[in-house]
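The values are calculated or read from the model by the stated rules, or taken from the named source; none is laboratory data. What you see is a predicted model, and the numbers here were worked out from it, not measured in a lab. Here Cβ is always computed from backbone atoms with ideal geometry, including for glycine, and neighbour counts include all displayed protein chains. Side chains are part of the model used for accessible areas, which takes the heavy atoms of the whole protein and leaves out ligands, DNA and RNA. Shrake-Rupley method; radii C 1.70, N 1.55, O 1.52, S 1.80 Å.
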Amino acid sequence: MSAALLVVGSIALDSVATPFGNTADAPGGSAVFFSAAGAILHAPVQVVGVVGADYPLDALKALEARGVDLAGVEQMPGESFRWKAKYSYDLSSRETLETRLGVFAQFRPKLPPKFRDARYLFLGNIDPELQLCVLDQVKDPALVACDTMNYWIHSKRDLLLELLRHIDILMVNDSEARELSGDWNIYRAAHWILARGPKLTVIKQGEHGALLVHPDSVFKVPAYPLQEVFDPTGAGDAFAGGFMAHLASTGDLSPSSLRRAMVYGAALGSFAVEAFGVQGLAVVTAADVRARVRAFKELVRFEVEADPP
Ligand code: AMP
């Protein structure tokens, strides 16, 4: 069996309004988008999370059918996590209208024994207290990456800073990097993060792609040029799923593999935004992803003219 990839994150019911339509209580959440994307490229993807009594379990069964291991998902009495948001007309920004933690407020994850051997760990967007609790239970991870959101930056800043000391990669979007660091310049913000523990910072920039920032270098991947974008929700988690699944499936953490992982992430992010909710990812195959990765290569390929004699 190849090295396991484990994710902890929200398993949510999302109500999202975009200029193209609305969803109400649609299955989503960071762990769901991450595992739907990651499972296209790698098995097993192990999920840790909690759902309430009201969660449509069929949505999770669909993930299971695609090779996602749900042994770490608990069902508790009470309401599922709910998130409500509205996007701007150009989809470049969104406003969170409501976050209801529901059963996540009481959840204390206890990993099934087989999950403790996971080598690749993604601490998806959720309370940093739960992220730390999961990190403590994994014996010997080869790579730990972590995401967060403005909600936690404001409400649990100290714990988040504690978490930064124990992870390899922080993966956040540009506005989160700015809020966390208090610096508007995105490169300075990335270095502010590097100074607090992580070896690498990944900054997701929506339609402008993503940056991989190392203390001595920066790599940029563009966003795939799509003429139809329906719902950006989950793009960041799908990006993380593609990024981590590529690394877990190759076992290669060299600088060039990390750059390739950025392109896999961007490819999965692009599939996620082409449909509402998580369904867009359900029909994507590994061959589709590879074809899109090749298209990225063409997108950024150019020759430098020979030096004048
Ligand atoms: P993204 O578009 O990649 O930032 O992810 C959006 C997903 O994150 C949605 O499916 C939400 O359910 C989930 N989400 C939103 N706010 C939070 C939060 N405060 N904690 C955990 N998950 C959240």
Inset, instruction - Run the dipole for the stretch 200-269 about the Cα centre, Lys and Arg Cβ at +1, Asp and Glu Cβ at -1, nothing else charged, and hand back the magnitude in debye, nearest 20. - result: 200
Inset, instruction - For the stretch 201-215, just list the computed ³J(HN,Hα) in residue order, Karplus coefficients 6.51, -1.76 and 1.60, θ = phi - 60°, integers in Hz, with x standing in for Gly and Pro. - result: 10, 10, 10, 8, 10, x, 5, 9, x, 8, 10, 10, 10, 10, x
Legend entry - Mean separation of Cα contacts under 8 Å (6+ apart) over length of the chain, as relative contact order %: 17
Legend entry - Net charge of neighbours whose Cβ lies under 9 Å from the Cβ of ASN125, counting Lys and Arg as +1 and Asp and Glu as -1: -2
Inset, instruction - Normalise the Debye intensity by I(0) for the stretch 139-214, one equal point scatterer per Cα, no solvent, then take log10 at q = 0.18, 0.19 Å⁻¹ and round to two decimals. - result: -0.64, -0.72
Legend entry - Dipole in debye (nearest 20) - the chain, about Cα centre, beta carbon charges: Lys, Arg +1; Asp, Glu -1: 520
Inset, instruction - Please sort 268-276, 164-172 by packing, taking for each peptide the average over its residues of neighbouring beta carbons within 10 angstrom, highest first. - result: 268-276, 164-172
Inset, instruction - Heavy atoms only, probe 1.4 Å: what % of the accessible area of the chain goes to carbon and sulfur, would you let me know? - result: 54
Inset, instruction - Quote the charge dipole size of the stretch 113-186 about the Cα centre in Debye, to the nearest 20; the model charges only the Cβ of Lys and Arg (+1) and of Asp and Glu (-1). - result: 260
Legend entry - Per-bin percent of Cα-Cα distances, the stretch 1-87 [10 Å]: 18, 48, 27, 7, 0
Legend entry - Dipole axis of the stretch 266-309 (+1 Lys, Arg; -1 Asp, Glu on Cβ), positive-most option in VAL284, LEU299, GLY269: VAL284
Legend entry - Dimensionless Rg over Rh [the stretch 205-250; C-alpha; Kirkwood]: 1.02
Inset, instruction - Determine the relative contact order of the stretch 89-175: mean sequence separation of Cα pairs under 8 Å and six or more apart, normalised by residue count, in whole percent. - result: 26
Legend entry - Counted charge near SER155, where neighbours are those whose Cβ lies closer than 13 Å (Asp, Glu -1; Lys, Arg +1): -2
Legend entry - Charge dipole of the stretch 88-189 about the Cα centre (unit charges at C-beta), most positive-ward option of TRP152, ALA118, PRO128: ALA118
Legend entry - Tail weight of P(r) past 25 Å, computed on alpha-carbon pairs of the chain, percent: 44
Inset, instruction - Write down the radius of gyration of the stretch 224-276 and its Dmax, each obtained from C-alpha positions, in Å. - result: 11.7, 35
Inset, instruction - Go through the stretch 235-249 residue by residue and turn each phi into a ³J(HN,Hα) via Karplus (6.51, -1.76, 1.60, θ = phi - 60°); whole Hz please, and just put x for glycine and proline. - result: 4, x, 6, 5, 4, 4, x, x, 4, 6, 5, 5, 5, 5, 6
Inset, instruction - Counting only DSSP beta bridges with both residues in the stretch 38-118, tell me the antiparallel percent, nearest 5. - result: 50
Legend entry - In order through the stretch 73-85: 3J(HN,Hα) via Karplus (6.51 cos²θ - 1.76 cosθ + 1.60), integer Hz, x for Gly, Pro: 9, 9, 10, 10, x, x, 8, 6, 4, 10, 9, 10, 8
Inset, instruction - Express the accessible area of the stretch 190-309 per residue in Å², computed with a 1.4 Å probe while the remaining protein chains stay in the model. - result: 49
Legend entry - Exposure of ILE11 as accessible area (Å², to 10), given a probe of 1.4 Å and all protein chains: 0
Inset, instruction - Please figure out what share of the DSSP beta bridges in the chain is antiparallel and state it in percent, rounded to the nearest 5. - result: 40
Inset, instruction - Determine the shape class of the stretch 29-181: with a ≥ b ≥ c the square roots of the Cα gyration tensor eigenvalues, call it rounded for a/c under 1.5, and otherwise prolate if a/b is greater than b/c, oblate otherwise. - result: rounded
